[in-house]
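S.K.: Attaching a single structure in structure tokens format; questions to follow.
All of the numbers you see were taken from the coordinates with simple rules; none came from a lab. Values in this document were obtained by computation on a predicted structure and should not be read as measured data. For neighbour counting, all protein chains shown are included, and Cβ atoms are generated from backbone atoms with ideal geometry for every residue, glycine included.
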Amino acid sequence: MKVLARAPGRVNLIGEHTDYNMGFVLPAALDQALSLYGRKTEGRVVTAYAAGLNASASFNLDQLEPVQGEPQWYDYIKAVFWSLRLEGFPLVGAEIELNSNIPIGAGLSSSAALEMAAGAAMVALAGRSISCDRLAIACWRAENEYIGVRCGIMDQFAVGLSRKDQALFLDCRSREYRHVPLILGDYRLLIVDSRVNRSLAGSAYNRRRQECEEAVEVISKACGHQFNSLREINLETLNRVGNFLTDPLYRRSLYVIEENRRVESAVQSLERGDLEEFGALMLSSHAGLRDLYEVSCPELDLIVDSAVVIDGVAGARMTGAGFGGCAVALVNRRSIDRLEKEIARAFQDAGYRRPLFYLSTAGSGLSFETF
Ligand code: GLA
């Protein structure tokens, strides 16, 4: 038995750091994707070859122990197999080959794509089937409990459930979702990689998550009512009990509450076909991430500041966890060249490394076939 799986990267359009606060997100799949070819073998060994890295690894399915230290690319495969086994899925020996044009480590979910493709392939090679939601949850658990990054569910759902020319409006509390047509007309998504090293992102990310949990506890105490997440707290409540919070915790909470509202407004503006309004929401999202949530960095701010003054740019914001990685701009195709030049020039003037640019439409989600 053989399987060919394809899993895209994702770009989040709006709704950042809201997923683990049980809020709303609006990501879309990229055109850039990872493809995985897998062949079932006898025995308990999995051998994986990553063509782009020209690296291979093999491991035994009966020795899948959670990672200590910096995870390697093959740890994401092991993580998913470990998680599937916990869910009761059988695991079979396999030879796997990976090819990908998703930039690695740029915050475009190359790891979620690898997890989802590896998970789908293993389930198929073992002769079973799994729903996309369940697979996404298995991969999310792999990332949290095996890799040790306490991420939310956005990336795995975006990789799994996205559809061509649509954004995915996901409620991370109920896990209900719907697809919203992303009718870009003359506009394109330009992804700008700041090339800022995100090696500390994991620990800083976990710290933000912890701050949100602390804020929920303080607010609950002050209100005499146990809230489960920032999603359940509105602006009025925050303002009433805000003085019980430290300044950073107040700002984290305010950002999350406002960002959830912005996602809802962004969906409405897309449904009205109002890209200008959508772009304005992107800009306020970025401002919140920079000033209140404090996960941006000077390079990402420079991308957004350079973009916003260019005619034909509806909006721009950092995307993903932040602390480096990418920004996304919604730009009229006539202005793409100019935008790239301006950003590159601003980076050069500031003495930063030359940024990288990727154009994308909203691509399709995970797919696979067996033969
Ligand atoms: C990373 C995580 C996601 C999400 C974003 C921030 O991509 O994997 O779960 O929290 O950061 O929105």
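S.K.: Net charge near Asn21: determine it from the other residues with C-beta under 11 Å of the C-beta of Asn21, scoring Lys and Arg +1 and Asp and Glu -1.
M.R.: So the surrounding residues net to -1.
S.K.: What whole number of Å gives the distance from the Cα centroid of the stretch 310-371 to the Cα centroid of the stretch 12-41?
M.R.: The stretch 12-41 and the stretch 310-371 have Cα centres spaced 17 Å from each other.
S.K.: For the chain, what does -39500 (n - 2.57) per DSSP helix run (n ≥ 4), summed and divided by total residues, give at 222 nm, in deg cm²/dmol to the nearest 500?
M.R.: -13000 deg cm²/dmol
S.K.: Hey, another quick one. Can I get the semi-axes of the stretch 187-360's equivalent ellipsoid? Compute them from the C-alpha gyration tensor as square roots of 5 times the eigenvalues, in angstrom, largest first.
M.R.: Semi-axes from the Cα gyration tensor: 33, 19, 11 Å.
S.K.: If the cut-off is a Cα-Cα distance under 24 Å, which lysines reach Lys2, setting aside same-chain residues fewer than 8 apart in sequence?
M.R.: Lys40, Lys78
S.K.: What is the log10 of I(q)/I(0) for the chain, computed with the Debye formula using one identical point scatterer on each Cα and no solvent, at q = 0.13, 0.14 Å⁻¹?
M.R.: Result of the Debye calculation: -1.02, -1.16.
S.K.: Let me ask something else. Hey, how many Å between the Cα centroid of the stretch 164-199 and the Cα centroid of the stretch 72-124?
M.R.: Value for the Cα centre distance between the two parts: 22 Å.
S.K.: Compute log10 of I(q)/I(0) for the stretch 294-364 with the Debye formula, placing one identical point scatterer on every Cα and leaving out solvent, at q = 0.11 Å⁻¹, to two decimals.
M.R.: Here log10 of I(q) over I(0) equals -0.25.
S.K.: Show the residues, 5+ positions off or on another chain, whose built amide H is closer than 5 Å to the amide H of Asn332.
M.R.: Arg188, Val313, Ala314
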